[in-house]
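Every number here is computed from the coordinates shown, using simple stated rules; none is lab data. The model shown is predicted, which means the values in this text are computed figures rather than measured ones. Note that we place each Cβ from the backbone using ideal geometry, even for glycine, and neighbour counts take in every protein chain shown.
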Amino acid sequence: MSRWLRNARRRIICLSAAVAVPLLAGAFTPAAADFKVLSPIVTKGEFEIESAGSVTRGRHRDGEEHQSYTTSLGYTFTDFWQAELEGELSQEPDEGLKYAATNFENIFQILPQGEYWLDLGLLAEYSRAKRAGANDAVEFGPLLQKQFGDFLTTLNVTLEKQIGSRSEAGTEIGYGFQARYRWWPGLEPGIEVFGDMGEITHLKAADRQAHRAGPVLFGTLRLGNGGKIKYEAGYLIGLTRNTPDGTVKFLLEYEVAF
Amino acid sequence: MTIKRCLMLVTAAGVLQIAAPAVADSDLFVLTIKDHRFQPEVIEVPAGQKVKLLVRNLDATPEEFDSHDLNREKVIPGGQEAIIFIGPLRPGAYRFEGEFHAGTAQGKVLAK
């Protein structure tokens, strides 16, 4: 059996397990949007601690401010599988900050980086809701990346399905897109666009969908011991009447490879 | 429906992998890590085409091939090797380093 077939079989088995285990586990709620575009590329042996958050202000369905913060631990076990365990805090209108969900995120790198025209990975995430009345959820979809000269572009398409007795029947589709100029490691300017379009079989009317876009700064600072600090900071502007006017997002990550 | 679509995605990925052209063996370039240094330190590759770097780590300790210029990052355990695909590159110099021993492990890809 060729090496490619063996690797492909291992990848499909791991991916199937990551999707099937949450499905079999029973009850499931959609995670709050964390406004993070995921790369399909993973580095074996890399450990990371990440903190991310977002605050939305202005025009919103309920006219109030929303906040969401996540802290996660991740490790890349093989050349193609990265797993991350994430705790999520969120604040809904008229409520304090509460623990909202525990997320188990898996990224599977399907193609070796740079071998083909497009780099491809898959996301499989299970979100265990902690808020009363909320449902658990599974989320999965392709992670695509392509470099054009000094510009690195990444597209995530995500399908999210609530699971549980009170869950909504449909599967929601959303996307995240990032284009960044690879200027120098400490500072890479770029843009991000995020959208939620509704159920995949009954997309919402365009003005009822949520789309936001804006400038984001990215960077990596080396610590000299093999460790790195990565950051992202940006401001996303609401593009439809069903999207908050503004969203501030940030991400801070420490990673080290062994 | 969602499981079916997931399977379709996995199948599509397989088709994409099979259908895409592989890099020819003639485009293979060997880079060695020894005593926490790259050998050669400057490696010439053809511009405008995809090439394959075979990085052999002859040291007992791991090293991370890291290059912002090439957008590549790969940990190579001690005594092992890894394949890194790069390009197509515009003519020019692209720096890389060994993240774990950056004081000595420095190198450059020259695309001509």
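Taking the alpha carbon gyration tensor of segment A:77-142, what are the square roots of 5 times its eigenvalues, largest first, to the nearest whole Å? Can you show the working numbers first?
Values: eigenvalues 207, 24, 20 Å².
Equivalent-ellipsoid dimensions as semi-axes: 32, 11, 10 Å.
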Over 25 Å (Cα to Cα) - which of A:LYS146/B:LYS74; A:LYS130/A:LYS228; B:LYS34/B:LYS108; B:LYS74/B:LYS108; A:LYS161/B:LYS74 fall in this group:
A:LYS130/A:LYS228; A:LYS161/B:LYS74
Taking a crude spin-label model, label points 7 Å out from Cα along the C-beta direction, the B:ALA102 to B:ARG90 distance in nm is 2.5 nm
Please list, ordered by chain and number, the residues whose modelled amide H lies under 5 Å from the amide H of A:LEU143; skip anything fewer than 5 residues away on the same chain.
A:GLY121, A:LEU122, A:LEU123
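Using only alpha-carbon positions, what ratio does the radius of gyration of segment A:3-257 give when scaled by 2.2 N^0.38 Å?
Working: Rg = 18.0 Å, N = 255, 2.2 N^0.38 = 18.1 Å.
Ratio of Cα Rg to 2.2 N^0.38 Å: 1.00.
Give the order of A:TRP117, A:TRP81, A:TRP183 when sorted by the count of other beta carbons within 10 angstrom, beginning with the fewest. Don't skip to the end; give the middle numbers.
Numbers: A:TRP117 11, A:TRP81 19, A:TRP183 14.
Sorted ascending by nearby Cβ count, the order is A:TRP117, A:TRP183, A:TRP81.
So what's the net charge close to A:LYS230: Lys and Arg +1, Asp and Glu -1, counting the other residues with Cβ under 10 Å from its Cβ?
Working: positive: A:LYS228; negative: A:GLU48, A:GLU50, A:GLU232, A:GLU253, A:GLU255.
Result for the local shell: -4.
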Roughly how many whole Å is it from the C-alpha centroid of segment A:199-258 to that of segment A:128-142?
20 Å
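How high is the FRET efficiency between B:GLN80 and A:LEU252 when r is their beta carbon distance and R₀ equals 51 Å, given to the nearest 0.05?
Working: r = 32 Å, r/R0 = 0.63.
FRET efficiency, B:GLN80 to A:LEU252: 0.95.
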Please give the peptides A:148-155, A:107-114, A:228-235, A:199-206 ranked by average Cβ packing (other Cβ atoms within 10 Å per residue), highest first, as a rough proxy for protection.
A:107-114, A:228-235, A:148-155, A:199-206
Exposure-ranked with fewest Cβ neighbours within 10 Å first, B:LYS34, A:LYS130 stand as B:LYS34, A:LYS130
Quick calc, segment A:3-257, dipole around Cα centre from Cβ unit charges on Lys, Arg (+) and Asp, Glu (-), nearest 20 debye, gives 600 debye
Considering every residue in B:64-77, what mean count of other chain Cβ atoms within 10 Å of its Cβ is obtained?
5
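Could you work out the mean count of beta carbons from other protein chains within 10 Å of each residue's beta carbon in A:220-226?
Values: counts 2, 0, 4, 0, 3, 2, 10.
That average works out to 3.
Given segment A:116-258, what whole percent of its Cα pairs are spread farther than 19 Å? Walk me through the numbers before you get to the answer.
Numbers: 6560 of 10153 pairs.
The answer is 65 percent, as a whole percent.
Could you tell me how many cubic angstrom of Cα convex hull volume segment A:62-184 has per residue?
On the way: hull volume 19.4 nm³, N = 123.
Given the Cα convex hull of segment A:62-184, per-residue volume reads 158 Å³.
Which of B:PHE85, B:PHE96 comes first, and how do the rest follow, when ranked by fewest Cβ neighbours within 10 Å?
Working: B:PHE85 19, B:PHE96 26.
Exposure proxy ranking, most exposed first: B:PHE85, B:PHE96.
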Averaged over the residues of A:47-54, the number of partner chain Cβ atoms within 10 Å of each residue's own Cβ comes to 0
